[in-house]
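The structure appears right after this line, and notes come after that.
The values are calculated or read from the model by the stated rules, or taken from the named source; none is laboratory data. Since the structure is predicted, the reported quantities are computational estimates derived from the model, not experimental observations. Cβ atoms come from the backbone with ideal geometry, glycine included; neighbour counts cover every protein chain shown.
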Amino acid sequence: MALVENAFKHGVDPDKNSFIELKLIRKENTIEFIIMNSNFQKDSNDKSGSGIGLSNLQKRLRLIYPERHKLIIDAGSEVYKVNLSIQL
């Protein structure tokens, strides 16, 4: 849920073209979740978000799926992409 919330919080701008793309794929014993969204750089005055959401997600993944998950975050200049795979 944190990934979807972040996509809407940081990837949508009412004054610019924006997008959010979600994919959920099941392959045998693996679930893969891919989310891509527009990446708008925050203004230096913008104090929203503490960055704790991704940190908490990583901690939960280590606790619930130790050695069975892979989280890749690519914060490109125009597109923010996250790929999460979990072995069932």
Among (1) surrounded by 14 or more Cβ atoms within 10 Å (Cβ to Cβ); (2) in contact with a Ser or Thr (Cβ under 6 Å, 6 or more places away or on another chain); (3) of a type in the set (A, V, I, L, M, F, W, C), F19 falls short only on (1)
Log entry, pairs with first residue in region 1-27 being assigned to a helix (DSSP H, G or I), second being modelled with pLDDT under 95 and basic (K, R), beta carbons closer than 8 Å, six or more apart or on different chains, reads H10/K42
Here the residues within region 60-88 that are surrounded by 13 or more Cβ atoms within 10 Å (Cβ to Cβ), more than 30 Å from K16 (Cα to Cα) and either polar (S, T, N, Q) or touching a helix residue (DSSP H, G or I) at 6+ places or on another chain (Cβ under 6 Å) (or both) are H69, S85
Exercise. Does I86 fit the bill of being out of contact with any His (no Cβ under 6 Å at 6 or more places or on another chain), assigned to a strand (DSSP E or B) and over 14 Å from A7 (Cβ atoms)?
Worked result: no
Scanning region 22-59 for residues that are among the β-branched types (V, I, T) and modelled with pLDDT of 95 or more, the one surrounded by the fewest Cβ atoms within 10 Å (Cβ to Cβ) turns out to be I25
